[in-house]
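All remarks here apply to the structure that follows.
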Number of protein chains: 2
Amino acid sequence: MLQRVEALRHASPEEVRTLVRLGLPRAVEEDGFFFFQDDPAERAYILLAGRVKMIQVTPAGQQVTLRTIGPYRLFGAIGAVNPTATYPASAQALQDSLAWGIASSDFRRLLQNNPALLLDLTHMTTDYLREMQERYREMVTEQVEQRIARVVVRLAGQLGRRIPEGIELTFSRQDLAEIAGTTLYTVSRVLSGWEKRGLILTGRERLVILHPHALAQLAAGSLPPAP
Amino acid sequence: MLQRVEALRHASPEEVRTLVRLGLPRAVEEDGFFFFQDDPAERAYILLAGRVKMIQVTPAGQQVTLRTIGPYRLFGAIGAVNPTATYPASAQALQDSLAWGIASSDFRRLLQNNPALLLDLTHMTTDYLREMQERYREMVTEQVEQRIARVVVRLAGQLGRRIPEGIELTFSRQDLAEIAGTTLYTVSRVLSGWEKRGLILTGRERLVILHPHALAQLAAGSLPPAP
DNA sequence: CGATTGTTTGACACTCATCAAATCTCGTGG
DNA sequence: CCACGAGATTTGATGAGTGTCAAACAATCG
């Protein structure tokens, strides 16, 4: 099962067994936390089931979602390998979730003994860095509607379900707002607009993309926003 | 000299010699480019003299500065190690600059043969990732004046010069705007306000921080902006 | 069938980008 | 050494884009 984990592609069967032996399962129910920002990074996690969001909270209490994690993906690893030794963000379960927790020291030992794994981790980190740089630029230069479109397109590719009508996503307006860096009111207005234009169907904590292509154009800025 | 490079802390003298032998110097004059975004990442660079900014440009031509590089720091390395094999950003010289260029293949070979170096690179990458996550949150949640204060404080610590009156920085309003994600007009207004309050002195492509503490408070949000 | 939680919509305020134009600074060539 | 011109900066006027607040409505759950 753990073979599916992208971070363990180059781990030997024996190493995987060691990880299984050294790690321990951790279940967190919806809205619960795996860990909090600035806490000492004691473990790295591999998500086995559910969905987790990585968030930062401002002193004023406003939440920003940095990314959402799906099954078989690693999280908390930056804290585990970085000399700072604290988590840079909090990990909150979007649904009831189950993860395999590996002590940071074991994780670091594994990486030291297996350069191929370390290289994989470097690639994952640089990939994520690329993405953050892009999203940073988007945040600075693009308008809300375009940013929301990007978020929806990205989430669709990552966590969307194919259904007869199109692609289904289950996120509340609030969730989308925290990811796109806006408010739930603005998300609501934008989604209503898209629904009027026939691009999507909306529901409570749910939306269905009818025309992925049009949304992609909105995200790319090649289709003008509604008047 | 190359011992000062943080990325080569764990390189053996022999490896450093090899790098010197395999690499080649590259001088770029002010406003020139070391490389462009999306170009194949042929080399990683170590800056020896000058200053370089890493930028992304939007289709509309708007510039966003991701970070500024000072002497003895590595740049272009993400492109060199990432499987994408292209640069995620452009590197433009802020002043006449000189860098040592190492072919990506040589750089990767070095990393493969020396896991300690790879680990250093991972630490540098995760550090930068932390910073990008924070700046992303700041961009989403904070107002312009606070963001500009953050930029100035950060640049002061990184590239500021101590002079009798305080800390001197040489950046144009346009430079600061591209870093803070705003316009040169807004930067000008904000700096004028600070000067009226006696926090800084301003000049052409130059500012002097008189009260670093007050600026730090502005950056942290604990000092209210001007009325 | 309440109660809770999510969503919609309107009214309004406010930050900040945009545009225009004047002013300032510095380097260069006469 | 001064005048000129290019580029940097300031400042005002204006408006678009979004956040904020309030209130009503809808969906889901026990």
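Against the conditions (1) assigned to a strand (DSSP E or B); (2) crowded, with 16+ Cβ neighbours inside 10 Å, residue B:25 satisfies every one except (2). Of these, B:50, B:61, which one is on the phi > 0 side of the Ramachandran plot and without any contact (Cβ under 8 Å) to a residue 12 or more places away in the chain? Answer to the selection: B:61. Picking from residues in segment B:143-154 that are within 13 Å of the chain's Cα centre (by Cα) and closer than 12 Å to residue B:212 by Cα, the one that is nearest to DNA strand D (Cβ to nearest atom) is B:152.
Could you tell me whether residue A:58 is within 13 Å of chain B (Cβ to nearest Cβ) and in contact with a helix residue (DSSP H, G or I) (Cβ under 8 Å, 6 or more places away or on another chain)? Answer is yes for this residue.
Of the strands (runs of 3 or more DSSP E) lying entirely inside segment A:34-88, those carrying at least 2 residues that are within 23 Å of residue B:146 (Cβ to Cβ) are A:52-57, A:63-69.
Of everything in segment A:162-176 that is away from DNA strand C (no atom under 16 Å from the Cβ) and surrounded by 15 or more Cβ atoms within 10 Å (Cβ to Cβ), the residue that is farthest from residue A:53 (Cα to Cα) is A:166. Here the condition is being surrounded by 15 or more Cβ atoms within 10 Å (Cβ to Cβ), away from DNA strand C (no atom under 11 Å from the Cβ) and at pLDDT below 95; of A:199, A:155, A:159, it holds for A:159 alone.
Restricted to segment B:159-202, and to residues there that are without any contact (Cβ under 8 Å) to a residue 12 or more places away in the chain and part of a strand (DSSP E or B), the residue that is farthest from DNA strand D (Cβ to nearest atom) is B:162. Output the residues belonging to segment B:98-118 that are within 11 Å of another protein chain (Cβ to nearest Cβ) and surrounded by fewer than 20 Cβ atoms within 10 Å (Cβ to Cβ). Selection gives B:108, B:112, B:113, B:114, B:115, B:116.
Between residues in segment B:124-151 that are within 7 Å of chain A (Cβ to nearest Cβ) and without any contact (Cβ under 8 Å) to a residue 12 or more places away in the chain and residues that are assigned to a loop (DSSP other than H, G, I, E, B) and of a type outside the set (S, T, N, Q), which pairs lie under 7 Å by C-beta distance while being six or more apart or on different chains? Taking only residues 6 or more apart or on different chains, the pairs are B:130/A:88; B:133/A:88; B:133/A:89; B:140/A:181.
Checked against the criterion of being under 22 Å from the mean Cα position of the chain (by Cα), in contact (Cβ under 8 Å) with a residue 60 or more places away in the chain and within 15 Å of DNA strand C (Cβ to nearest atom), segment A:203-211 has no qualifying residue.
The values are calculated or read from the model by the stated rules, or taken from the named source; none is laboratory data. Computed from a prediction, not measured in an experiment: that's the story for all the values here. All Cβ positions, glycine included, derive from the backbone under ideal geometry; neighbour counts span all protein chains shown.
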